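The values are calculated or read from the model by the stated rules, or taken from the named source; none is laboratory data. Note that this is a predicted model, so its numbers are computed, not measured. Virtual Cβ from ideal backbone geometry, glycine too; neighbours counted across all protein chains shown. Heads up: the accessible areas ignore ligands, DNA and RNA and are worked out on the full protein's heavy atoms, side chains in. Shrake-Rupley method; radii C 1.70, N 1.55, O 1.52, S 1.80 Å.
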Amino acid sequence: EITGSGNRGAVTGGSDYIGGVAGVCSGAAITRSFNTGAVTGSADKSDAVGGVVGAIDGTNTAASAVTSCYNTGAVTGRSWVGGLAGLSGYQKTPQAVSFSNSYSTGAVTGSSLVGAVVGSLSKGTVTGSYYLSGAQNSVSGATAATAEQFASGEIAYQLNGSTSEGELIWKQNIGTDASPRFEGAVVYCDSENG
């Protein structure tokens with residue numbers, strides 16, 4: 001279990017399984033974690049490169065989940081390159097991987113199986129997650145949003161379940177933060193003015 005972890009520095013590797021928070025894990029729960037640094041693998045030989053985790057999978061008895069995580073750093077590799085995870089659901093196991101309530105706005109670059117949220121997801125789901133409009137998205141379930149929607153607090157509000165009451169994970173200082181974070185001001189919706 002990885003909870004409340006983050007990386008702000010550059011991460012560089014010349015091989016496979018490179019991630020801002022974790023390189024590779026199975027049967028894991030990654031929650032409330034983030035990456036803002038560049039994650040860079042070799043453009044001609046690095047596979048499974050991700051902003052939060054390079055590769056994540058379930059085991060024979062345990063599923064894996066990436067929940068309430070974000071990436072704003074650039075991610076570069078050869079194949080299986082993703083904003084949150086590069087490679088997911090790669091083992092032939094009965095347990096899947098879920099991605100939920102998360103986002104990625106960092107540039108993602110690779111030659112094959114590249115995705116704004118997940119590069120490759122053979123067994124699992126993506127729900128309630130967002131990526132920057134115009135980015136390549138190779139898996140279904142994530143929603144594109146404009147830079148203006150991220151900056152306005154709209155995505156923070158949606159990630160909080162469209163409420164500004166109770167325990168709120170996502171915060172944002174409107175006018176200062178380009179996207180939601182785990183600290184800052186609570187985002188309220190002005191339903192009268194949209």
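General remarks:
- Apolar share of the accessible surface for the chain: 47 percent from carbon plus sulfur atoms, 1.4 Å probe.
- Distance histogram in 10 Å bins (all Cα pairs of the range 31-108, percent per bin): 23, 48, 26, 3
- Identified option (computed P(r) over Cα pairs in 10 Å bins from 0, in percent; candidates (1) 9, 38, 40, 13, 0; (2) 11, 40, 34, 12, 2, 0; (3) 9, 36, 35, 11, 5, 4, 1, 0): (2)
- Relative packing of peptides 47-59, 112-124, 160-172 - highest average C-beta neighbours within 10 Å first: 47-59, 112-124, 160-172
- Per residue accessible area in Å² of the range 22-90, where ligands, DNA and RNA are left out and the probe is 1.4 Å: 26
- Qualifying trypsin sites (Lys or Arg not before Pro) for the range 19-105 [loop in DSSP, other Cβ within 10 Å: at most 10]: LYS92
- Model label sites at SER140 and CYS189, defined 7 Å from Cα along the beta-carbon direction, differ in position by 2.6 nm.
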